[in-house]
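**Student:** Pasting a structure here, questions to come.
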Amino acid sequence: MPSQTNPIFRSLGAAGLLLALTACVNLAPRTEIPPLPVADAWPADTQAETTRALADLDWSRYFQDAEMRRLIGLALEHNRDLRLAVLRVREAEAAYRIQRSELLPAIGAQGQGARTRDIAAPLPDRTVAQSKYQAAVGLTNWEIDFWGRVRNLKDAALDEWLATDAARQSVQIALIRQVADAALSLRELEQRALLARDAVANRQQSLDIFEQRRKIGSSSELELTQVRTLLIQAQSLSAQIEQQRAAARHALALLTGTDPGLQPAASVSLDATPLASLRPGLPADVLLARPDIRAAEYQLRAAHARIGAARAAFLPRISLTSSLGTASTELDGLFESGSRAWVFTPVIEVPIFTAGRLRANLDVAEVRRDMAVATYERDIQTAFREVSDALSSRQWLAEQMEIQARMAQTQAERAALAQLRYDSGAAPYLEVLDAQRDLLTAQQQLVQVRGAWLSSQVALFAALGGGADPAPANPQAPAPKAGTAN
């Protein structure tokens, strides 16, 4: 038995030793991350503080309103877009494990039995029946990765997995922002609807009074028509807002993926929507922490690994097939002494003529590497603009909100003075009509600007990477998924 099995063991040992000696061979180019193609500081008009970065801020700490946290939690659990993103991560993980398995030999067992009848060579007019039974364990077509082709494909699959997980985190951030914006929009519309309903009630009361005055001749038909016009305008605005509010409710239900169970309108207000303060860090710290930038970097690393695999395809490829078992012409003698059998078949493939296919594959890999570089730089610039826009919006919307609050206060005083002038007979009712119309417009605009300012805060939180999972300690293991795929 030793004399029969030693050759295969010696051959396998030599192949393993050679594999270990060549394991360091890697034809992939060194991955070089390009420098950030943006400024070292945020634009001066943003007036950004750079004392610390909050890219890893948990959304449950940023959104301090319990109802807002509840809606975001529902979306993270039930939203179908996030569920698809989680499933894509699982798909990429499985593809990585498939590619990783190519590094190790596949070992299997095989049993075979055959019985044939053929012409006997010395006696052509006679036939002979033969039987053969065989059982063996061995490996099949295992490529010895001399040039790192399989390892580079494994590395590329790993980077694809990590990029897919980073893309899932981007979907999660976008979802959190969308839910927060939808909730803020709904609260804004609730507040505007309340103002419109109050205006309708007040103007209906005024119309009733002027109808009574018209009956006794103390007011003209023109004044009555003006009051009725003011009421119709308020009713039209109220109907428009109700339509928008219904659409906002439907959008929120779609984002949460289930019945959101919204609170009554009277219990929500933009004024009662606290958000934590945000102070962005330096661009280099903030941008590189965003999951979309990490995804672009992983894609760049994967592109370099594919170049190594394409280069290795030009070199000889060695594969190994071997088995060790037993064989016999009789089934009952299959496991008797002296029936041992083994096969050792190394195969070397040397590309000679491929009609330019290998060169074209390498060209494709190199072009895709260049495309990955351009994509990475573009994503950096886009992220820089998103943060800059959010910082600038936060600043200027805060100023607009202050101006609009003064405008609403001034219009309220004007409406009161116009009513006094009309009551004293010093002004026509048209002056009251214009003042009340402008007051309602100013009140509506104040609510809209306040909602836009809160939305800019949410946009800044998302642009800084808020809501993403923390970076995993093991770079080869994506962080746990926040969404579910149930």
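**Student:** Cut-off 18 Å, label point 7 angstrom out along Cα-to-Cβ of Ala106: give me the residues of the stretch 314-328 whose amide nitrogen falls inside.
**Tutor:** Counting only backbone N, you get 318-324.
**Student:** Another question, if that's okay. Once you put a point 7 Å from the Cα of Thr225 and another 7 Å from the Cα of Ala129, both along the Cβ direction, what distance in nm separates them?
**Tutor:** Between Thr225 and Ala129, the simple spin-label model gives 11.6 nm.
**Student:** Let me ask something additional. Can you work out the PRE-style zone for Asn141? Point 7 Å along Cα to Cβ, and I want the residues of the stretch 348-380 with backbone N under 16 Å.
**Tutor:** It comes to 348-350, nothing else.
**Student:** Right, something else. Calculate, for Asp434 and Arg249, the FRET efficiency according to 1/(1 + (r/R0)^6) with r their C-beta to C-beta distance and R0 35 Å; round to the nearest 0.05. The partial results should precede the final answer.
**Tutor:** Numbers: r = 34 Å, r/R0 = 0.98.
It comes out at approximately 0.55.
**Student:** Figure the gain on full extension for Gln409 and Phe353 (residue separation times 0.36 nm, minus the Cα-Cα span) and round it to one decimal in nm.
**Tutor:** Extra length from Gln409 to Phe353 when fully extended: 11.8 nm.
**Student:** Say a paramagnetic label sat at a point 7 Å from the Cα of Ile232, along Cα to Cβ; which residues of the stretch 196-226 have their backbone N under 15 Å from it?
**Tutor:** Inside the label zone: 204, 207, 222-226.
**Student:** How long is the gain from Ala239 to Ala426 if the chain were fully straight, where each residue apart is worth 0.36 nm and the alpha carbon distance is subtracted?
**Tutor:** On the way: separation 187, 0.36 × 187 = 67.32 nm, distance 3.48 nm.
Length difference between fully extended and current span is 63.8 nm.
**Student:** Would you mind computing, in nm to one decimal, how far apart the modelled labels at Ala114 and Asp259 are, each placed 7 Å from Cα along Cα→Cβ?
**Tutor:** If labels sit at Ala114 and Asp259, their model points lie 6.9 nm apart.
**Student:** What net charge is computed for the residues neighbouring Glu160, neighbours being all others with C-beta under 11 Å from the C-beta of Glu160, Lys and Arg scored +1, Asp and Glu -1?
**Tutor:** Cβ neighbours under 11 Å give a net charge of -1.
**Student:** On to the next question. Share of Cα-Cα pairs in the stretch 172-251 beyond 21 Å, in percent?
**Tutor:** Numbers: 1468 of 3160 pairs.
Summing the P(r) tail past 21 Å for the stretch 172-251 gives 46 percent.
**Student:** Using the Cβ atoms and a cut-off under 13 Å, what net charge is assigned to the surroundings of Leu446, where Lys and Arg are +1 and Asp and Glu are -1?
**Tutor:** Numbers: positive: Arg192, Arg406, Arg450; negative: Glu188, Asp271, Glu402, Asp438.
Neighbourhood net charge equals -1.
**Student:** Where in the stretch 194-260 are there trypsin sites (Lys or Arg not before Pro) that are in a DSSP coil and have at most 11 other Cβ atoms within 10 angstrom of their Cβ? Walk me through the numbers on the way to the answer.
**Tutor:** Details: sites: Arg197, Arg203, Arg213, Arg214, Lys215, Arg228, Arg245, Arg249; in loops: none.
Passing both the DSSP loop test and the Cβ count: no residue.
**Student:** I've got another one for you. Once the other residues with Cβ under 11 Å from the Cβ of Arg369 are scored (Lys, Arg +1; Asp, Glu -1), what is the net sum?
**Tutor:** Details: positive: Arg301, Arg306, Arg368; negative: Glu32, Asp363, Glu366, Asp370.
Charge balance in the 11 Å sphere: -1.
**Student:** Test of understanding: what is the full-extension gain from Glu91 to Asp198, defined as 0.36 nm times their sequence separation minus their Cα-Cα distance?
**Tutor:** Values: separation 107, 0.36 × 107 = 38.52 nm, distance 5.47 nm.
Contour length minus the Cα-Cα distance gives 33.0 nm.
Coordinate-derived values only; no laboratory data. What you see is a predicted model, and the numbers here were worked out from it, not measured in a lab. Because the Cβ atoms are built from the backbone with ideal geometry, glycine has one as well, and the counts that use them run over all protein chains shown.
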